[in-house]
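Each remark here refers to the structure printed beneath this line.
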Amino acid sequence: MLKQGLNYKLLQKLSPQQIQLMKLIQLPTQAFEERLKQEIEENPALDTGKEESEDIDDDLSNEFDDDDDRSEKDELEDINIDEYLSDDDIPNYKTQANNYSEDDEEKNVPYAAGTSFHQSLKNQLNTFSLDEEEQAIAEFLVGSIDDSGYIRREIIDLVDDLAFTANIFTTEEKVIIVLKKVVHTLDPLGVGARDLRESLIIQLKAKDKTKYRSLSIEILEAAFDHFIKKHYKKLQEKFHISEDELKEVIKEISKLNPKPGSSYAGNNKIAEQIVPDFSIKILNGELDLVLNARNAPELHVSREYNNMLKGYQEATVKSKSQKDAVFFIKQKLDSAKWFIDAIRQRQQTLLITMNTIMQYQYDYFLTGDERKLKPMILKDIADKINMDVSTVSRVANSKYVSTPYGTKLIKEFFSESMKNDQGEDVSTKEIKKILESVIEEENKKKPLTDEKLAVILKEKGYPIARRTVAKYREQLDLPVARLRKEI
């Protein structure tokens, strides 16, 4: 049986312009500059830099008096050329932030693009005398190395891939020979290993001989599990060594790099320079917020477009092609006006949002003490500036601020709240900072368990459960008590 009904839904639809504005707000400085560059390339009506305004004759009452038919004239009557040539709109679309003067020094830290991690490894293969098959295997192995410097896949899988993707039919034995004799000798040391144990052993074998190098290799080869789990007593018994000798072995191994690929200056990913979107300074005991000048470009309509409009305005006879050109110009100018207005809105949104965050966390920005970070969620800021939570999120998740205490990702200042024993709201970041301090000050020979840490935090006025301590400890990237043990 068919039923017919009427349903009403209240939907909020964003216009294409609103969507584009949201995307502009989300962009960090460098990505914003790329977007700006793209828009300038695509819209010839946009130009950058300073340009002096020229007075344009305001008398346009007869601008469309010609012999063309009336319908074409009516189509053009909605074009107000004065609107585009007035001093208010062109040529000076200045969007420079008011709190950033032209004399302010813009400091950009240069960085080298360099050679990618994998390209560097491939370049090193050229120093070996390899036949065609060995060269192909070596290049394939290098291409299988992840960003940490490891080959995580089984050799048999690599053999299959060589056959299917490179049409190279070989054996596991041949791949292992190329791996050990070629790939494992590449720089950085330890690259191409299949696990941490193998990487550490490769690094040790390549080092100059020291008193404890052989013993370190022996322990890694024969008792790696005991070593990483810090079963020190078992190691002393197994290898008949003293506590001091074991300390020297630990010292020797601790100098090695557990992630040889990550130490490479130019990794696979393009090196990204973090450019702060804001700067907070302390001037005369007060906080001063500045928007990066690179977020505040000067835009105006190009000189060429000015001249085209002036030429149309001054022409006594206006041809069909000229009118078509004016329609094109109008379209580009409308687009340019919207884009420049969107940049203004972006600047205002960034400044208002960051200023509210700065005022909310005033004590932290004045001292740098993370224990003074107040509990703050996105809604707290959104309510204060009367904007949507999603807008605040776009600012917080992708923007950096330079402070006297380093460059910080803005979202790091947000945290949930918990109640202390006084019933006061405290930031979870404050609790994490105290937890980190307690672990730093513990006796490393008898590190504190999560249960004991929970007791200590409760004594300090933060009654949280053991599982919560474990969660915070993991978020701080701190190992369990057993793995923090030292001898």
At the level of C-alpha centres, the distance separating region 127-188 and region 224-265, in angstrom, is 29
Distance in Å, no decimals, from the C-alpha centre of region 19-49 to the one of region 372-398 is 24
Expressed as a percent, the accessible surface of region 425-487 that is carbon or sulfur, using a 1.4 Å probe and the full set of protein chains, is 44
Given a 1.4 Å probe, the accessible area of region 374-487 per residue, as a whole number of Å², is 56
Over 24 Å (Cα to Cα) among Lys23/Lys332; Lys37/Lys332; Lys233/Lys259 -> Lys233/Lys259
Highest mean packing first, using Cβ neighbours within 10 angstrom, the peptides 181-188, 220-227 sort as 181-188, 220-227
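The values are calculated or read from the model by the stated rules, or taken from the named source; none is laboratory data. All of these numbers come straight from a predicted model, not from anything done at the bench. FYI the Cβ positions are ideal-geometry reconstructions off the backbone, even for glycines, and counts take in every protein chain you see. Accessible surface areas use protein heavy atoms only, side chains included; no ligands, DNA or RNA. Shrake-Rupley method; radii C 1.70, N 1.55, O 1.52, S 1.80 Å.
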